[in-house]
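**Student:** If you scroll down you'll find the structure; I have some questions about it.
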Amino acid sequence: MQIFGVDIGGSGIKGAPVDLDRGDLAQERCKVFTPHPATPDGVADGVREVVEHFGWRGPVGLTFPGVITGGAIVRTAANVDKGWIDMDARALFSDRLGGLPVTVINDADAAGVAEMRFGAGRGRRGTVIVLTFGTGIGSALFVDGALVPNTELGHLELHGHDAEKRASSKVKEDEDLSWERWARRVQKYLAHLEMLFSPELFIFGGGVSRKADRFLHLIEGIKAEIVPAQLQNNAGIVGAAMLASKDAYGGLSGQSAQRGQDAGGDR
Ligand code: BGC
C-alpha cells in the first residue's frame, strides 16, 4: 500500500508516495524550499506544490517541527514562525490540498516511528530514545516499541541552556565546533538523558547519522548502546506516511503489525 508522506524541515519541504510494506519511497521525492519566514500560509503552499507534483489523491501524513496533539493542533514552534501556535494544521493542510485526509505528527516522532519499524530500532524492546540533530534536537521515546509522543527532550536544560542551543548540528556549524568539542557536549547531554530514562539504546538521526564514524567513538561513559539511524533523510517522510495510514485505515500496513512492535500504535 502507498500513502503520501511530507517532511517539513527548516530548509526544505520534501515529500513522496511511500511504499509502506518496504518502508521506502515509492518514487523519487520532490523538494521545494521552505519559505522564510515559515508562516502557515507559505508552508501550506509549499506542501500543495509537493503533493500536486505527483497528482496524489489520497491520505497524506505530514511532519512538523513542534509539539502536535491529536494529529492536528500545533502547540509549540521553537524554530518556525510563532503564527503556528494553537493552529489546526490538519485543517489548514487538508483545505489547501482540496480536502484530502491529513495527519500531522512531530518530526522526530515520525522519524522515530520509521526507524523503529524499518531501521536501526527494528525489533528492539525496552526503552529506546531516537534523537534527531538538525536546526534543533528532536526526540522520540519508545517503550517496547510504543511511542510516547511529543517528548521534546531537546529542550532539557543543560548547564543553564536549552540543550538544543548547545548541541544541535546547527550549533556545531554556527560555532564552528570541532567534532571533539561537539561530541563532548553531546556526551553531557546523553549522560543527562541516561540519568533520567536509563534507555537501552540511543539512535542518532538527522544529517549527522551519515557521519557517525567522525564522532561516535568520541562519546564515552554512556552505558546505553549508541547507533546511527539507518533511514537517514527519508525517515520523516516514511514515518509520517505510516501514521497517516493508521489514521485513515486503522492499523499499519505490512505483515509485522503486531501490538507493541507496532511503533506508534498506542498514540
Ligand atoms: C522542537 C521539536 C522538534 C525538534 C526538531 C525542536 O526545537 O521543539 O518539536 O522535534 O526541534 O525539529
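**Student:** What is the residue count in segment 166-193 for residues that are open to solvent by less than 30 Å² (accessible area, probe 1.4 Å), within 16 Å of the ligand (Cβ to nearest atom) and closer than 16 Å to GLY134 by Cα?
**Tutor:** 6
**Student:** Go through segment 194-252 and count every residue that is at positive phi and either surrounded by 23 or more Cβ atoms within 10 Å (Cβ to Cβ) or touching an Asp or Glu at 6+ places or on another chain (Cβ under 6 Å) (or both).
**Tutor:** Of segment 194-252, the ones at positive phi are 198, 206, 221, 232, 250-251.
Okay, now just the ones that are also either surrounded by 23 or more Cβ atoms within 10 Å (Cβ to Cβ) or touching an Asp or Glu at 6+ places or on another chain (Cβ under 6 Å) (or both), so 206.
Final tally of qualifying residues: 1.
**Student:** If you don't mind, another one. Tell me whether segment 25-38 contains one or more residues that are assigned to a loop (DSSP other than H, G, I, E, B), among the small types (Gly, Ala, Ser), away from the ligand (no atom under 16 Å from the Cβ) and in contact (Cβ under 8 Å) with a residue 40 or more places away in the chain.
**Tutor:** Checked segment 25-38: no residue is assigned to a loop (DSSP other than H, G, I, E, B), among the small types (Gly, Ala, Ser), away from the ligand (no atom under 16 Å from the Cβ) and in contact (Cβ under 8 Å) with a residue 40 or more places away in the chain.
**Student:** Okay, moving on. Can you tell me which residue is farthest from the ligand (Cβ to nearest atom) among those in segment 134-150 that are among the hydrophobic types (A, V, I, L, M, F, W, C) and buried (at least 24 other Cβ atoms within 10 Å of the Cβ)?
**Tutor:** Going through segment 134-150, the residues among the hydrophobic types (A, V, I, L, M, F, W, C) turn out to be 137, 140-143, 146-148.
Okay, now just the ones that are also buried (at least 24 other Cβ atoms within 10 Å of the Cβ), so 137, 140, 142, 147.
Values: ILE137: 6, ALA140: 8, PHE142: 15, LEU147: 13 Å.
If we take residues in segment 134-150 being among the hydrophobic types (A, V, I, L, M, F, W, C) and buried (at least 24 other Cβ atoms within 10 Å of the Cβ), then PHE142 is farthest from the ligand (Cβ to nearest atom).
**Student:** Among the residues of segment 151-165, are any farther than 20 Å from PRO199 by Cβ, open to solvent by 70 Å² or more (accessible area, probe 1.4 Å) and part of a helix (DSSP H, G or I)?
**Tutor:** Among the residues of segment 151-165, at least one is farther than 20 Å from PRO199 by Cβ, open to solvent by 70 Å² or more (accessible area, probe 1.4 Å) and part of a helix (DSSP H, G or I), which makes the answer yes.
**Student:** Same structure again: Pick out the one residue from LEU153, LEU193, LEU158 that is farther than 22 Å from ALA111 by Cα, out of contact with any Cys (no Cβ under 9 Å at 6 or more places or on another chain) and not β-branched (Val, Ile, Thr).
**Tutor:** Criteria check complete, one pass: LEU158.
**Student:** Only one of (1) away from the ligand (no atom under 16 Å from the Cβ); (2) without any contact (Cβ under 8 Å) to a residue 40 or more places away in the chain; (3) open to solvent by 10 Å² or more (accessible area, probe 1.4 Å) fails for TRP56. Which number is that?
**Tutor:** For TRP56, the failing item is (2).
**Student:** Can you give me the number of residues within segment 39-51 that are open to solvent by 10 Å² or more (accessible area, probe 1.4 Å) and touching a Gly at 6+ places or on another chain (Cβ under 9 Å)?
**Tutor:** Of the residues in that region, 4 qualify.
**Student:** Let me ask another. Please determine, by comparing only the residues of segment 64-94 that are of a type in the set (S, T, N, Q), at pLDDT 95 or above and open to solvent by 40 Å² or more (accessible area, probe 1.4 Å), which one is farthest from PHE4 (Cα to Cα).
**Tutor:** By that ranking, first place goes to THR76.
**Student:** Among the residues that make up segment 79-88, is at least one of them in contact with a Ser or Thr (Cβ under 6 Å, 6 or more places away or on another chain), more than 20 Å from ALA235 (Cβ to Cβ), touching a residue at least 12 places away in the same chain (Cβ under 8 Å) and not assigned by TED's automatic domain parsing to the domain that holds GLY205?
**Tutor:** yes
**Student:** Right, something else. Residue by residue through segment 90-128, note down the ones that are within 13 Å of the ligand (Cβ to nearest atom) and either assigned to a strand (DSSP E or B) or free of Cβ contacts under 8 Å to residues at least 12 places away in the same chain (or both).
**Tutor:** Result: VAL104, ILE105, ASN106.
The values are calculated or read from the model by the stated rules, or taken from the named source; none is laboratory data. Please read these numbers as outputs of a predicted model, since none were measured by experiment. Positions of Cβ are generated from backbone atoms using ideal geometry, with glycine treated the same way; all protein chains shown enter the neighbour counts. Ligands, DNA and RNA are excluded from the accessible area calculation, which covers all protein heavy atoms including side chains. Shrake-Rupley method; radii C 1.70, N 1.55, O 1.52, S 1.80 Å.
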